[in-house]
Amino acid sequence: MKNIILFDSLNRDQLLPLTFLKPICELRVGILTIREKWEKLLDTQAAFITQDYLSDKYSIQVSGDNLVINGSILPDQELLTAIDLLSYGEALISGDALIAARLDRAQFEELVHTDDVNDLMGIEYSGSLQSLDHPEDIFLKNAEQIAFDFELLTDGRKSQALSDTNTVLGTHPIFIEEGASVECTVLNASDGPIYIGKHATVMEGSFIRGSFAICEHATIKMGAKIYSGTTVGPHCKVGGEVNNTVFQAYSNKGHDGFIGNSVVGEWCNIGADTNISNLKNNYAPVKLWSYTDQRFRPTGLQFCGLILGDHSKCGINTMFNTGTVVGVSANIFGANFPRNFIPSFSWGGAAGMKTFTINKALETAEAMMNRRGVALSDLDRAIMTHVFEQDASFRTWEPSKSSVN
């Protein structure tokens, strides 16, 4: 059996802040993370090549037969077939980008030490290629990926019965996993499939339009209005009005308020009646903060809401402008709109910011995780501390910090 190693491509920095605490392949788009897609398709477990400060948590394993795959690439059957045809020392490429390579142990060690793919036999891939290049790609590609993952997860299987308290519309499939509870809900599968994960709960009075996925142990609160292209990741709790938004895992938006065309990281909490603008009043294209460019980058999108990094929180009645990017472990509150870019470990809002100190941030993370029965490990603490120090230059209010150009 081939050993699968997913590596962080140059896209990693372009996907910040979502990749501060994890490799690219741990991002969820559709129902599954990118890693889970590859593992399901190749029937094996994957290892990682990632940033040095993440490598103790996301470790590498090498064998005599290794498939090294770009972790930002979204798999499909055509690509899988091309990768399966690779011989030792061959690489599948697209222009200057490495898609995948098959390497024995010696070839792998040489590649790691030289970082030079020119010694490999390059094979240009002629098929279409999908990848995550920027944070907005997650919600832009989500409906299509829900459909792909839906087929991958349900092919040849039978859905659990849907209670007759529900109303079903449309002809796309609906799949209910074991232990899920769905009552008194309108499920409209006219435009795409609907997937209800294991032990997930959809409370009464909810309205859901496919494509839609709720993952294991997640909850949709009473009276929620969920539009297409939305994924509620594992152990998330979501209510209110949601459109084309991906919640990664363990995050909460439990109350009324609107969020659309957005990505919410892990361990986030969105306060009651928080609203996110996803359309500018003048209908102009939206710009998003770019960590690589250190400026606001044109997206070309008319609809773009919030990119919220892991462990970030906001208070009740928070208002986010169109195209807001929030880093890791920020705590946002207060009246009026905060800035469109909020650095990691910020504390405050429109009235001003100060630093959310690393000790207090770790206390908050530990308290939230303990409520879900998950421990904040020493590795997690070290990773968050590294990001606190790495991202300090953006907290321009701190002493001796020069402004970011």
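The values are calculated or read from the model by the stated rules, or taken from the named source; none is laboratory data. Just so we're clear, the structure is a prediction, and the values are computed from it rather than from any experiment. Note that we place each Cβ from the backbone using ideal geometry, even for glycine, and neighbour counts take in every protein chain shown.
Quick notes on this structure:
- Here A180 passes the criteria (1) surrounded by 17 or more Cβ atoms within 10 Å (Cβ to Cβ); (2) under 30 Å from N66 (Cα atoms) except the one numbered (2).
- Residue within segment 374-393 that is closer than 18 Å to W289 by Cα, over 23 Å from the mean Cα position of the chain (by Cα) and free of Cβ contacts under 8 Å to residues at least 60 places away in the same chain present: yes
- The lone criterion from (1) free of Cβ contacts under 8 Å to residues at least 12 places away in the same chain; (2) under 19 Å from Q130 (Cβ atoms); (3) more than 20 Å from the chain's Cα centre (by Cα) left unmet by E36 is number (3).
- Residue within segment 324-331 that is more than 21 Å from the chain's Cα centre (by Cα) and farther than 21 Å from L27 by Cα present: no
- Segment 58-85, residues that are within 27 Å of I194 (Cβ to Cβ) and either part of a strand (DSSP E or B) or not charged (D, E, K, R) (or both): I73, L74, P75, Q77, L79, L80
- Filtered residues of segment 135-180 (kept if of a type in the set (A, V, I, L, M, F, W, C), touching a Pro at 6+ places or on another chain (Cβ under 9 Å) and under 24 Å from N261 (Cα atoms)): I146, A147, F148, F150, I174
- Residue within segment 100-116 that is at positive phi, free of Cβ contacts under 8 Å to residues at least 24 places away in the same chain and in a loop (DSSP other than H, G, I, E, B) present: yes
- Selection of segment 153-167 for residues being outside any loop (DSSP other than H, G, I, E, B) and of a type in the set (S, T, N, Q) yields T154, T167.
- When segment 16-57 is filtered for residues that are among the small types (G, A, S), more than 28 Å from T324 (Cα to Cα) and part of a loop (DSSP other than H, G, I, E, B), only S55 remains.
- Residue in segment 311-326 that is under 20 Å from K253 (Cα atoms), among the charged types (D, E, K, R), in the same structural domain as A367 (by TED's automatic domain parsing) and in contact (Cβ under 8 Å) with a residue 60 or more places away in the chain present: no
- Within segment 368-387, at least one residue is touching a Leu at 6+ places or on another chain (Cβ under 7 Å), more than 23 Å from P298 (Cα to Cα) and basic (K, R).
Results for (1) in the same structural domain as S262 (by TED's automatic domain parsing); (2) without any contact (Cβ under 8 Å) to a residue 40 or more places away in the chain; (3) outside any loop (DSSP other than H, G, I, E, B), shown as yes or no for each residue.
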residue: G192; (1), (2), (3): yes, no, no
residue: G205; (1), (2), (3): yes, yes, no
residue: A213; (1), (2), (3): yes, no, yes
residue: H217; (1), (2), (3): yes, yes, no
residue: T231; (1), (2), (3): yes, no, yes
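- With respect to the conditions (1) of a type outside the set (K, R); (2) touching a strand residue (DSSP E or B) at 6+ places or on another chain (Cβ under 7 Å); (3) at pLDDT below 95, N331 falls short on a single one, namely (3).
- Any strands (runs of 3 or more DSSP E) falling wholly within segment 241-325 and containing at least 2 residues that are surrounded by fewer than 24 Cβ atoms within 10 Å (Cβ to Cβ): 241-247, 258-264, 286-290, 295-301
- Test: L132 is surrounded by 15 or more Cβ atoms within 10 Å (Cβ to Cβ) and closer than 26 Å to V263 by Cβ: yes
- Residue count for segment 168-190 satisfying the condition of being part of a strand (DSSP E or B) and among the polar types (S, T, N, Q): 2.
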